[in-house]
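Below is one structure, written out as structure tokens; comments come after it.
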Amino acid sequence: LLLCHTEEAAAVIVSGLRSTDVFVGESATFTCELSHPGVRNVQWWLDGTPLHNNLVTEISEQDGRIHTLTLNDVACHDSGTVTFRAGPLISSAKLLVKGISLLA
């Protein structure tokens, strides 16, 4: 549990990102839940690169509290650190994309 108090009644992270292992071609989903809505400047990053909503990257929010990032059809080079930032709050987790061995 990650709590970041910057002022009274400031939003906190109730449930942070969890590290995920997936295989090449699968989807990886990361979810971060905030204590209450209204936090501005929400942004997702992968290894320091800002992510934007598109066909491969789905960014959504529910009730302004539950923020979800889905990376579709991942490749090995997508492995790295996923970071969610909402104002002063930050949560990070590792994404490990595993190749499929043809020798197995």
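The values are calculated or read from the model by the stated rules, or taken from the named source; none is laboratory data. Everything quoted here is computed from the prediction, not taken from an experiment. Here the Cβ positions follow ideal geometry from the backbone for every residue, glycine too, while neighbour counts run over all protein chains shown. Remember, those area values only see protein heavy atoms, side chains included, never the ligands or the DNA or RNA. Shrake-Rupley method; radii C 1.70, N 1.55, O 1.52, S 1.80 Å.
Annotation: of all residues in segment 66-104 being modelled with pLDDT of 95 or more and among the hydroxyl-bearing types (S, T, Y), the one that is farthest from G25 (Cα to Cα) is S91.
Looking only at residues in segment 57-104 that are part of a strand (DSSP E or B) and among the acidic types (D, E), the one that is most open to solvent (accessible area, probe 1.4 Å) is E61.
Does segment 42-54 include one or more residues that are acidic (D, E), over 14 Å from A93 (Cα atoms) and modelled with pLDDT of 95 or more? No, there is no match, as no residue in segment 42-54 is acidic (D, E), over 14 Å from A93 (Cα atoms) and modelled with pLDDT of 95 or more.
Residues in segment 42-55 that are outside any strand (DSSP E or B) and within 14 Å of the chain's Cα centre (by Cα): 5 in all.
Quick grid of which residues meet (1) crowded, with 16+ Cβ neighbours inside 10 Å; (2) at pLDDT 95 or above; (3) part of a strand (DSSP E or B):
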| residue | (1), (2), (3) |
| --- | --- |
| L2 | no, no, no |
| A9 | no, no, no |
| L17 | yes, yes, no |
| V22 | yes, yes, yes |
| G25 | no, yes, no |
| C32 | yes, yes, yes |
| R40 | no, no, no |
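Within segment 71-84, residues that are in contact (Cβ under 8 Å) with a residue 24 or more places away in the chain have Cβ atoms under 9 Å from residues that are open to solvent by less than 30 Å² (accessible area, probe 1.4 Å) and in a loop (DSSP other than H, G, I, E, B) in these pairs: L71/L51; V82/L17; V82/L51; T83/L17; F84/G16; F84/L17, counting only partners at least 6 apart in sequence or on another chain.
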